[in-house]
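The values are calculated or read from the model by the stated rules, or taken from the named source; none is laboratory data. Everything numeric in this text was worked out from a predicted model, so none of it was measured. No Cβ is skipped: glycine too gets one built from the backbone with ideal geometry, and neighbour counts run over all protein chains shown. Side chains are part of the model used for accessible areas, which takes the heavy atoms of the whole protein and leaves out ligands, DNA and RNA. Shrake-Rupley method; radii C 1.70, N 1.55, O 1.52, S 1.80 Å.
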Amino acid sequence: QVQLVESGGGLVQAGGSLRLSCAASGIIFSINAMGWYRQAPGKQRELVASVTSGGTTNYADSVKGRFTISRDNAKNTVSLQLNSLLPEDAAVYYCNADVRRYKWSGGVNYWGKGILVTVSS
């Protein structure tokens, strides 16, 4: 199996910053895209940012210019720097990875358990 473990969430004041990290472990040959999603109470889970193995990034319009995603392919980690946080950024943030466990296998989608980000106004 593959496990994704998130860290770095917590409570921050509006305008503040947080850094989320996610580490993938288990039987991993390679990881295609990695990303962060979030889900606020009563809302659907939405993509926040993603990054391919080649470093191409994609951001939700609502976080462009404030959040930065990065990954370390050698360590199978992905991070999300959250700056200029707004109350509406409060949510449970989930790490996601498309993992190839073996050379001959295709990608399988894995999720972390989620980590809470709370933004006080």
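List the strands (runs of 3 or more DSSP E) that sit entirely inside region 1-60 and contain at least 1 residues that are touching a residue at least 40 places away in the same chain (Cβ under 8 Å) and open to solvent by 80 Å² or more (accessible area, probe 1.4 Å).
By residue number, 2-7, 10-13, 18-26.
In region 81-121, which strands (runs of 3 or more DSSP E) lie fully inside it and hold 2 or more residues that are open to solvent by 60 Å² or more (accessible area, probe 1.4 Å) and among the hydrophobic types (A, V, I, L, M, F, W, C)?
107-111
Identify the single condition in (1) among the hydroxyl-bearing types (S, T, Y); (2) in a strand (DSSP E or B); (3) under 25 Å from R100 (Cβ atoms) that T68 does not satisfy, given that it satisfies every other one.
If we test T68 against (1) among the hydroxyl-bearing types (S, T, Y); (2) in a strand (DSSP E or B); (3) under 25 Å from R100 (Cβ atoms), just (3) comes out false.
Answer with yes or no whether S79 is more than 12 Å from the chain's Cα centre (by Cα) and among the hydroxyl-bearing types (S, T, Y).
On the way: more than 12 Å from the chain's Cα centre (by Cα): no; among the hydroxyl-bearing types (S, T, Y): yes.
Against the criterion (more than 12 Å from the chain's Cα centre (by Cα) and among the hydroxyl-bearing types (S, T, Y)), S79 does not qualify.
Can you find even one residue in region 68-78 that is open to solvent by less than 40 Å² (accessible area, probe 1.4 Å) and at pLDDT below 95?
no
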